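Participant: Take a look at this one; I'll ask things after.
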């Protein structure tokens, strides 16, 4: 059997940045009702610190960290498939087993812990992405762009629907049904009724059993989410495959090329997102314009911005440096860190824990993020100094292979690409 190739350091580093960034994006979804995620004005006009916190997060983090993680998921998926071929294993079997178990983890995460799970979605999209693994780089990019275009058109249709519902509900003689339909959509995009606010706060402050029962009937299931966000996620995964195959994500391009991509991607993205944020504020966070901004205007901007982030991370990496080493280690155990942050955050915010749900301001939520980041950096490397995999990475690998995998031994001396 041919030995598995060594890990690619840049992938671990980018994944580490992404999993830490995802926490900063998700903290509002942990600490507030779902409708507050997109707008700081859902429960009253925000204070200046809260508005600054929302604006900064919207411009720098929201959607980009998820996209960056999706890039890395696609690249890692391709590595696992290529390694299976080297080891004379059936790549489809290896890959689909991993996706099946990831789906199980995701569904458990969704219904038992938190409504914002992304793992089950990744499992479904990852299974679909297998059909494209043989494509050359140009085709991967082309199909990925087509997926982003499809997603943009789909979400533009939903945005137009929001405007239609609003018009129907506010014309003279509007029916009760028209008004109710508009309010139902407004509840999701940041203009909730008082009843919706009270209901959502009560759910977040309830016990675990009540929350599980609520998620079972109200959470967006993985199949529904696939129809809404699947094209974009697939596009991101294909871009990740292209980034691996072309050498972009492995750090083999010239520093000049990375510099151009980083500056162009980040500068253009941030300027555009700043304009969208200004657009939202100028319209008073009207639910119609929030939907337009988040769904339609933001979607086509993400790939360029995310690519700029990846280039910047590669440029700023300092192999052997303390921070680079620690963030890379957090990336190697990203699965454990992702689910671990859910356990920590739901314990902090939900009624069966400290009960801080809805009690902190948006700006104060980030005081929770920093200690959890430090915890990620503190535990990941010492663990990997002693064990080959993170705890959940080991469980996922063992279940996928139908055999308990060896655990003891430093990950840095038994390096593998999974």
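The values are calculated or read from the model by the stated rules, or taken from the named source; none is laboratory data. Here the structure is a predicted model, which is why all the values come from computation and not from measurement. Backbone-built Cβ (ideal geometry, glycine too); neighbour counts: all protein chains shown.
Participant: Being in contact with a helix residue (DSSP H, G or I) (Cβ under 6 Å, 6 or more places away or on another chain) and either more than 15 Å from residue 331 (Cβ to Cβ) or modelled with pLDDT of 90 or more (or both) is the filter here; which residues of the range 397-418 pass it?
Facilitator: Within the range 397-418, 399, 400, 404, 405, 407, 410 qualify.
Participant: Right, next: Does residue 84 count as over 20 Å from residue 18 (Cβ atoms), out of contact with any helix residue (DSSP H, G or I) (no Cβ under 7 Å at 6 or more places or on another chain) and without any contact (Cβ under 8 Å) to a residue 24 or more places away in the chain?
Facilitator: no
Participant: Please work out which one of (1) in a helix (DSSP H, G or I); (2) touching a helix residue (DSSP H, G or I) at 6+ places or on another chain (Cβ under 9 Å); (3) in contact (Cβ under 8 Å) with a residue 40 or more places away in the chain; (4) surrounded by fewer than 21 Cβ atoms within 10 Å (Cβ to Cβ) is the condition residue 201 fails and give its number.
Facilitator: Every listed condition holds for residue 201 apart from (2).
Participant: Still on this structure: Could you say which residue among 302, 215, 288 is under 18 Å from residue 69 (Cα atoms), surrounded by 15 or more Cβ atoms within 10 Å (Cβ to Cβ) and touching a helix residue (DSSP H, G or I) at 6+ places or on another chain (Cβ under 8 Å)?
Facilitator: Residue meeting the stated conditions: 302.
Participant: A further question follows. Name the residues in the range 97-106 that are closer than 14 Å to residue 79 by Cα and over 21 Å from the mean Cα position of the chain (by Cα), would you?
Facilitator: none
Participant: While we're on this one: May I ask you to say which residue of 291, 264, 275 is in a helix (DSSP H, G or I) and more than 28 Å from residue 36 (Cα to Cα)?
Facilitator: 264
Participant: When the range 141-193 is examined, which residues are found to be on the phi > 0 side of the Ramachandran plot and touching a residue at least 12 places away in the same chain (Cβ under 8 Å)?
Facilitator: If the condition is that a residue be on the phi > 0 side of the Ramachandran plot and touching a residue at least 12 places away in the same chain (Cβ under 8 Å), then 190 is the only one that fits.
Participant: Criterion first (surrounded by fewer than 19 Cβ atoms within 10 Å (Cβ to Cβ), over 21 Å from the mean Cα position of the chain (by Cα) and either touching a residue at least 24 places away in the same chain (Cβ under 8 Å) or closer than 14 Å to residue 31 by Cβ (or both)) does residue 319 satisfy it?
Facilitator: The answer is yes for residue 319.
Participant: In the range 237-261, which residues are outside any helix (DSSP H, G or I) and closer than 13 Å to residue 76 by Cα?
Facilitator: The answer is 249, 250.
Participant: Which one of 259, 325 is crowded, with 16+ Cβ neighbours inside 10 Å and touching a helix residue (DSSP H, G or I) at 6+ places or on another chain (Cβ under 8 Å)?
Facilitator: From the options 259, 325, the qualifying one is 325.
Participant: Tell me which residues, restricted to the range 366-413, are buried (at least 19 other Cβ atoms within 10 Å of the Cβ) and in contact with a strand residue (DSSP E or B) (Cβ under 7 Å, 6 or more places away or on another chain).
Facilitator: Hits for the range 366-413 are 387, 411.
Participant: Another question about this same structure. Can you report the number of residues in the range 131-146 which are surrounded by fewer than 21 Cβ atoms within 10 Å (Cβ to Cβ), more than 20 Å from the chain's Cα centre (by Cα) and closer than 21 Å to residue 249 by Cα? Break it down into steps so the answer makes sense when it comes.
Facilitator: Taking the range 131-146 first, the residues surrounded by fewer than 21 Cβ atoms within 10 Å (Cβ to Cβ) are 131-139, 141-143, 145-146.
Restricting the remaining residues to those that are more than 20 Å from the chain's Cα centre (by Cα) gives 131-139, 141-143, 146.
Checking which are closer than 21 Å to residue 249 by Cα leaves us with 132-139, 141-143.
Final tally of qualifying residues: 11.
Here is a yes/no grid of residues against (1) surrounded by 13 or more Cβ atoms within 10 Å (Cβ to Cβ); (2) under 27 Å from residue 128 (Cα atoms):
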position	(1), (2)
148	yes, yes
163	yes, no
169	yes, no
172	no, no
175	no, no
181	yes, no
186	yes, no
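Participant: Separate question: Could you please let me know if residue 107 is touching a residue at least 40 places away in the same chain (Cβ under 8 Å), surrounded by fewer than 22 Cβ atoms within 10 Å (Cβ to Cβ) and under 25 Å from residue 396 (Cα atoms)?
Facilitator: yes
Participant: Checking residue 7 against (1) touching a residue at least 60 places away in the same chain (Cβ under 8 Å); (2) within 23 Å of residue 249 (Cα to Cα); (3) outside any loop (DSSP other than H, G, I, E, B), which single condition isn't satisfied?
Facilitator: (3)
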